[in-house]
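Peer 1: Okay, here's the structure, questions in a sec.
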Amino acid sequence: MITIANYVGGKFLAPAAGHYLDDIEPATGRPYALVPGSDAVDLEAAVAAARGAFPGWARQTVEERSRLLLRIAEGIEREAEALARAESIDTGKPIGLARQVDIPRAAANFRFFAHAVTQFASESHGMGTAAINYTLRDPLGVVACLSPWNLPLYLLSWKIAPALAAGNTVIAKPSELAPMTAYWLGRICIEAGLPPGVLNIVHGSGPSVGQALVAHPAIKAISFTGGTKTGAAIASVAAPQFKKLSLELGGKNPTIVFADCDREQALDGALRAAFANQGELCLCGSRIFVERSIYEPFKRDLVARAEALRLGDPLSEDTEQGALITEAHLDKVLSYVQLAREEGGRILTGGVRVTVPGRCEAGYFLKPAILEGLTHDCRTNREEIFGPVACLLPFDDEDEALAEANGTEFGLAASVWTRDLQRGHRIAQRLDSGVVWVNTWLLRDLRTPFGGMKHSGVGREGGFEALRFFTEVKNVCIKL
Ligand code: TXE
């Protein structure tokens, strides 16, 4: 049993009250580590450390901050294989995915913001011969970064790196369901020489330490990725205190396939968008709209591909579908499959719990499901399921596809598959979606703004957007 510790003031600390939660390996259903169940006392220690470290860190030159972030990136790269294994054990994701996506991206986040901050310039607005304005951007102080369990190190570093680069000190609260790589990050930061208190990582449950963190008056800004309901709860606490808030929440994303698409590409894209990371990604395309003239053959080929996905032990090299994060989450996803039946849907494949023999016998595995026969506005097609469940919906023309694709409360991401680029541009313009991909999915450039509309969130992360979020702006006007 590994005992995880908080990383506070540059040291590893046990929770003051000695309270721990079980960290369960989703593939086996067995606890394999203990996570601190931190409380307000632990949080106060982190706040004191972060406050103490702030003036020194904010005064560091940009070059020095950049150098330290690069050393953290190097530390992650050095330990990439072990981190990928830890991420796979902690979340149930296939090790190949952790190796190719999660860990390289965590290193890339630190590297990217280490460089970005050196290019982050202030603005100046001349008023002819009357005056000149210039804009100062200062770090905010102590900020909070809260991240979910589906991309643990990837999303935590996506928040921490710009916050630190901009000169803030950070209190991070990783998901209590997948805390292991965040724990390792503490050690990597010590080895990189990050000054004590600049980054503090406090583990524990959302309602206890997460809630206390976002409510704490010392916290100037909150960057949160997680469920829409949690986002609303955080906003209700943060707004009356006028904290800066960046919320990256759920999605119910459309994949729109036109008859003129490159069929192979679209099938690969729709499959990946539906089932990557067991469908546990806010960007997953769980509503697949297909132009009626190709609906039947597309459906047949997609179902065949879904059935061919190799489900198994996440630590096996060839596994493509791992385990869902918890038994409760598996039950939630199964309850949506049942709801789909009640709403008149047909299950074309999957949607049942699977037993993987051997060490993973008690793991939380679900065979990827493809449904059809549901209306676009039923609950199954409106609510975020966050699992390997996708629904096929035929459409006759562009307007119908757009109206239905836009017909949910969410607005995070969409993918459009067509060889007609004019149509690609047209649809992209009319989609209510923070991110639109045409003939691709999940292709990311870290400079681009990332985030959602409607109930998918508030604000944008990525590139200079993130550096703007983590700084306070001041305009100075000088009369000439
Ligand atoms: O996420 P939570 P959960 C969606 C998905 C999923 C649902 C619930 O639909 O089924 O959310 O997942 C912390 N104050 N997404 O319950 O609770 C928590 O400890 C402060 C979408 O696992 O939102 C964790 O660190 N913090 C998503 C983080 O919030 C609180 C990714 C996220 O947990 C808190 C994950 C509180 N009151 C789930 N309550 C995405 N957009 O990628 C919880 N937390």
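Peer 1: Taking 0.36 nm per residue of separation and subtracting the Cα-Cα distance, what length does fully extending residue 308 through residue 260 add?
Peer 2: Details: separation 48, 0.36 × 48 = 17.28 nm, distance 2.53 nm.
So the chain would gain 14.8 nm between residue 308 and residue 260.
Peer 1: Does the stretch 1-126 come out rounded, prolate or oblate by the C-alpha gyration tensor, with a ≥ b ≥ c the root eigenvalues, rounded set by a/c under 1.5 and, if not, prolate when a/b is larger than b/c and oblate if not?
Peer 2: Details: a/c = 2.76, a/b = 1.34, b/c = 2.07.
In terms of gyration-tensor shape, oblate.
Peer 1: Given just the C-alpha atoms of the stretch 77-152, how large is their convex hull per residue in cubic angstrom?
Peer 2: For the stretch 77-152, the hull spanned by Cα atoms encloses 135 Å³ per residue.
Peer 1: Could you please state, rounded to a whole Å, how far the C-alpha centre of the stretch 266-297 is from the C-alpha centre of the stretch 149-190?
Peer 2: Going from one Cα centre to the other spans 30 Å.
Peer 1: To the nearest 10 degrees, how steeply does helix 62-78 sit against the main Cα axis of the chain, on a 0 to 90 scale?
Peer 2: Helix 62-78 sits roughly 40 degrees off the main axis of the chain.
Peer 1: Would you work out if the stretch 254-445 is rounded, prolate or oblate? Take a ≥ b ≥ c from the square roots of the eigenvalues of the alpha-carbon gyration tensor; rounded if a/c is under 1.5, else prolate when a/b is larger than b/c, oblate otherwise.
Peer 2: Prolate is the answer for the stretch 254-445, as a/c is 1.5 or above and a/b outweighs b/c.
Peer 1: Loop-only GluC sites (Glu not before Pro) in the stretch 76-160, please: DSSP not H, G, I, E or B, and at most 16 other Cβ atoms within 10 Å. Spell out each step's value before the answer.
Peer 2: Values: sites: 77, 79, 81, 87, 123; in loops: 79, 123.
Those that pass, being in a loop and sparsely packed, are 123.
Peer 1: Ok, one more. If you place +1 on the Cβ of every Lys and Arg, -1 on the Cβ of every Asp and Glu, and leave all else neutral, what size is the dipole of the stretch 52-118 about its Cα centre, to the nearest 20 Debye?
Peer 2: Dipole size: approximately 140 debye.
Peer 1: Convert 10 °C to kelvin, take the viscosity as 1.306 mPa s, use the Kirkwood radius over C-alpha pairs of the chain as Rh, and evaluate the Stokes-Einstein diffusion coefficient in µm²/s, rounded to a whole number.
Peer 2: Rounded, D is 69 µm²/s.
Peer 1: If you don't mind, there's one more thing I want to ask. Calculate the length of the line joining the C-alpha centroid of the stretch 38-97 to that of the stretch 371-442, in whole Å.
Peer 2: A separation of 36 Å, based on Cα centres.
Peer 1: Can you tell me how much longer the chain between residue 44 and residue 346 gets when fully stretched, taken as 0.36 nm per residue apart minus their C-alpha distance, in nm with one decimal?
Peer 2: Separation in residues times 0.36 nm, less the Cα-Cα distance, equals 103.5 nm.
Peer 1: What percentage of the solvent-accessible surface of the stretch 295-368, computed with a 1.4 Å probe over protein heavy atoms, is contributed by carbon and sulfur atoms?
Peer 2: That fraction is 50 percent.
Peer 1: Let me ask something additional. Using Cα atoms only, what is the angle between the long axis of helix 80-91 and the major principal axis of the chain, expressed in degrees (0 to 90) to the nearest 10?
Peer 2: 60
Peer 1: Turning to a different aspect of this structure: Check which residues have an amide H placed less than 5 Å from residue 457's amide H, if you skip close sequence neighbours.
Peer 2: For residue 457, whose amide H was placed from the backbone, the distant partners under 5 Å are 249.
Peer 1: In Å and on Cα atoms, what radius of gyration and Dmax does the stretch 1-48 show?
Peer 2: Rg, Dmax (Cα atoms, Å): 12.1, 39.
Peer 1: Sequence-distant or interchain residues sharing an amide H contact under 5 Å with residue 393, placed H: which?
Peer 2: Correct list: 288, 289, 290.
Peer 1: If you don't mind, there's one more thing I want to ask. What is the set of long-range amide H partners of residue 19 at a cut-off below 5 Å, with H atoms built 1.01 Å from backbone N?
Peer 2: Distant-sequence amide H within range of residue 19: 37.
Peer 1: While we're looking at this one, here's another question. If I histogram all Cα-Cα distances within the stretch 328-369 using bins 5 Å wide from 0, what percent of pairs lands in each bin?
Peer 2: Spelled out bin by bin, the stretch 328-369 gives 6, 22, 28, 21, 13, 6, 3, 0 percent.
Peer 1: Here's another thing I want to ask about it. Compute the long axis of helix 421-430 from its Cα atoms, compare it with the longest principal axis of the Cα atoms of the chain, and write down the angle in degrees, 0 to 90, nearest 10.
Peer 2: Approximately 60 degrees, to the nearest 10.
Peer 1: Place a point 7 Å from the Cα of residue 58 along the Cα-to-Cβ direction; which residues of the stretch 138-154 have their backbone N under 20 Å from it?
Peer 2: 138-145
Peer 1: For n ≥ 4 DSSP H runs only, could you compute -39500 (n - 2.57) per run for the chain, divide by its residues and tell me the 222 nm figure to the nearest 500?
Peer 2: Helix-only estimate at 222 nm: -11500 deg cm²/dmol.
Peer 1: Still on this structure: Tell me, what ³J(HN,Hα) does each residue in the stretch 46-59 have, in order and in whole Hz, if you take phi through Karplus 6.51 cos²θ - 1.76 cosθ + 1.60 with θ = phi - 60° and put x for Gly and Pro?
Peer 2: 5, 5, 4, 5, 5, 5, x, 7, 4, x, x, 5, 5, 7
Peer 1: Let me ask something additional. Hey, with R₀ at 60 Å, roughly what FRET efficiency would residue 328 and residue 479 work out to, going by the Cβ-Cβ distance, to 0.05?
Peer 2: Result of the calculation: an efficiency of 0.45.
Peer 1: State in Å² the accessible area per residue of the chain; use a 1.4 Å probe, count heavy atoms of protein chains only, and round to the nearest integer.
Peer 2: Accessible area per residue, the chain: 38 Å².
Peer 1: Oh, and also: Hey, can you rank 125-134, 204-213, 364-373 by average C-beta count inside 10 Å, highest first? Numbers along the way, then the final one.
Peer 2: Numbers: 125-134: 11.1, 204-213: 20.7, 364-373: 23.0.
The densest-packed peptide leads the list: 364-373, 204-213, 125-134.
The values are calculated or read from the model by the stated rules, or taken from the named source; none is laboratory data. This is a predicted model, so every value here is computed, not measured. FYI the Cβ positions are ideal-geometry reconstructions off the backbone, even for glycines, and counts take in every protein chain you see. The protein model used for the area step is the full one, side chains on, heavy atoms only, and it has no ligands, DNA or RNA in it. Shrake-Rupley method; radii C 1.70, N 1.55, O 1.52, S 1.80 Å.
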